[in-house]
Amino acid sequence: MSEVGDVLAQLDERKPRLVLNVEGHALPVTNLDKVLWPAAEGSSPLTKRDLLRYMTRVSPWLLPHLAGRPLFVTRYPDGINGKSFYQKHWDEPPDFARNISIYSSHKEGDGDYLICGNLATLLWLSQMAGLELHPWFSRIDPQPDAKGKGRKFSGSEATLDKSVLNFPDFVVVDLDPYEYSGREGKGEEPELHRRAFNRTRDLALRLRELLTGLGLQTFVKTSGRTGLHLYLPILRKFDYDAARGIAETIGRYALQQWPGEVTLEWSVERRTGKIFFDYNQNSRGKSLAAIFSPRRNALGTVSMPVAWEQLEEIYPTDFTLRTAPDLLEERGDPWAEILSAKQDLAQLLEERTA
DNA sequence: GAATATA
DNA sequence: TATATTCAACGCCTG
DNA sequence: CAGGCG
Ligand SMILES: [Mn+2]
Ligand SMILES: [Mn+2]
């Protein structure tokens, strides 16, 4: 039996706690019937067992996207309505998990970061109620496009600066609609609604047209909450600062082209009515919710990749812990080849400035 | 959620 | 054995 | 340096 089928069969045993055998590793899992996503309008509750099943089923598509990337999580031990917190470092991760030492400017010293390279690590994070996965945009493997870059990440800022971890695989754009439905409580973030999502979708389609015109291939996914994530895969010739500069340039162009739709404002209140073009995540140690990551959303939505041709037919709530695995098995992952579609921005800039 | 301390 | 307490991030920008 | 922000 496949590893996925084997773990799913073990999870069918209706005990509240089990010791899973995952690829030969013993993994204790507890509180399997604890509700992490309470029942909402039109949806039954989702438990920790449901989370483990979901992660197991999507793992064949998810793990390749996490390979070699430092990963942190948002933990919700008491469910999505309970207290949550980020966790980047683990004292003593299980022996099947990989930990690497990376310099941190904040700490002025080294810290250990987790890299998730197997199903056991993924399910251990679920047991820790690490629902939301946040992988870096850079990774430790220099193959195939960063062969000369350093592979030592600790000791000093200078060492990390010149290492492969300072060179992201993507320029990313986070599109967050700040059009409010009017039903939000005071001080709350805008909730998902049709008009705001449709505007965000239309902006994404225009951005795609712009980038296609420059000969660039872009990938799109739902964030799992209200907006969209655009990823532009690049050869690792530019560091994070340069990637951020490119995203900012695209953002300034978009603001000038569509001033009624786009905002680059850092102040939340000044974003009202517009779509926040967030280029600020192009930074070492920052992240967006991973592809296929569950989110803090009443319906149990996940971040789902979408083919551009399908973007006008979808809505973020189409993709949940319940629905995404079947869809993935039917249609496959539109992002599967993203690392084979890396583009030479250095050459493009050279051509266009020449 | 887990480790630790205390009754 | 049961309960209480503590802990779990950080990079960048602006004033 | 503190506070805002994601
Ligand atoms: Mn977003
Ligand atoms: Mn954002």
Practice task
Please build a GNM for chain A, connecting alpha carbons under 10 Å apart, and tell me which residue among A:Leu165, A:Leu122, A:Leu214 fluctuates the most.
Solution key: A:Leu214
Completion exercise
Along the stretch A:160-167, Karplus-curve 3J(HN,Hα) (6.51, -1.76, 1.60; θ = phi - 60°) to the nearest Hz, with x for Gly and Pro, reads 5, 4, 9, 7, 5, 6, 8, 10
Fill in the blank from the handout: Binned at 10 Å starting from 0, the alpha-carbon pair-distance distribution of the stretch A:75-146 in whole percents comes out as 16, 45, 32, 6, 1
Fill in the blank from the handout: Amide H contacts under 5 Å for A:Tyr180, restricted to residues at least 5 apart in sequence or on another chain and with H modeled in the peptide plane, are A:Gly273
Completion exercise
Scalar couplings 3J(HN,Hα) for the stretch A:197-209 by Karplus 6.51 cos²θ - 1.76 cosθ + 1.60 (θ = phi - 60°), nearest whole Hz, x for Gly and Pro, are 5, 4, 5, 5, 4, 5, 4, 4, 5, 5, 5, 5, 4
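Count neighbours as other Cβ atoms within 10 Å of each site's Cβ, and list the GluC sites (Glu not before Pro) in the stretch A:304-352 that are DSSP loop with at most 14 such neighbours.
A:Glu337
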Exercise for the section: Would you mind calculating the relative contact order of the stretch A:3-353 from Cα pairs under 8 angstrom and at least 6 residues apart, reporting the percent as a whole number? Expected result: 16
Exercise for the section: Would you mind telling me which residue in A:Gly224, A:Gly213, A:Gly42 has the biggest mean-square fluctuation in a Gaussian network model of chain A, where springs connect alpha carbons within a distance under 10 angstrom? Expected result: A:Gly42
Exercise for the section: Give the accessible area for A:Thr47 in Å² (nearest 10); use a 1.4 Å probe, count only protein heavy atoms, and leave out ligands, DNA and RNA. Expected result: 20
Problem - Mean-position separation - Cα centroids, the stretch A:1-72 and the stretch A:258-319, in angstrom - result: 26
Practice task
Work out how far the C-alpha atoms of the stretch A:1-135 reach from end to end along every principal axis, then list the three figures in whole Å, largest first.
Solution key: 46, 37, 24
Completion exercise
Which of A:Lys15/A:Lys88; A:Lys149/A:Lys274; A:Lys34/A:Lys286; A:Lys107/A:Lys274; A:Lys237/A:Lys286 exceed 29 Å between C-alpha atoms? The answer is A:Lys15/A:Lys88; A:Lys149/A:Lys274; A:Lys34/A:Lys286; A:Lys107/A:Lys274
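At 1.4 Å probe radius, can you tell me the per residue accessible area of the stretch A:3-353 in Å²? It would help to have the intermediate numbers written out before the result.
On the way: 15800 Å² over 351 residues.
I get 45 Å² per residue for this part.
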Practice task
Please build a GNM for chain A, connecting alpha carbons under 10 Å apart, and tell me which residue among A:Arg271, A:Arg296, A:Arg14 fluctuates the most.
Solution key: A:Arg14
Fill in the blank from the handout: Counting only residues 5 or more apart in sequence or on a different chain, those whose built amide H sits under 5 Å from that of A:Ser104 are A:Gly109, A:Asp110, A:Gly111
Exercise for the section: Quick one: divide the alpha-carbon radius of gyration of the stretch A:199-327 by 2.2 N^0.38 Å and tell me what you get. Expected result: 1.08
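Return the inverse of the average 1/r over all pairs of distinct C-alpha atoms in the stretch A:3-353, which is the Kirkwood hydrodynamic radius, in Å to one decimal. Display every interim value, and only then the final one.
Values: mean 1/r = 0.0473 Å⁻¹.
Hydrodynamic radius (Kirkwood, Cα only) of the stretch A:3-353 equals 21.1 Å.
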Practice task
Would you pull out the residues with amide H under 5 Å of A:Arg98's amide H, same chain only if 5 or more places away, H placed 1.01 Å from N?
Solution key: A:Ile115, A:Gly117
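The values are calculated or read from the model by the stated rules, or taken from the named source; none is laboratory data. None of the values given here were measured: they were computed from a predicted structure. Cβ sites come from the backbone with ideal geometry, for glycine too, and all protein chains shown count toward neighbours. Side chains included, ligands, DNA and RNA excluded: accessible areas come from the protein's heavy atoms. Shrake-Rupley method; radii C 1.70, N 1.55, O 1.52, S 1.80 Å.
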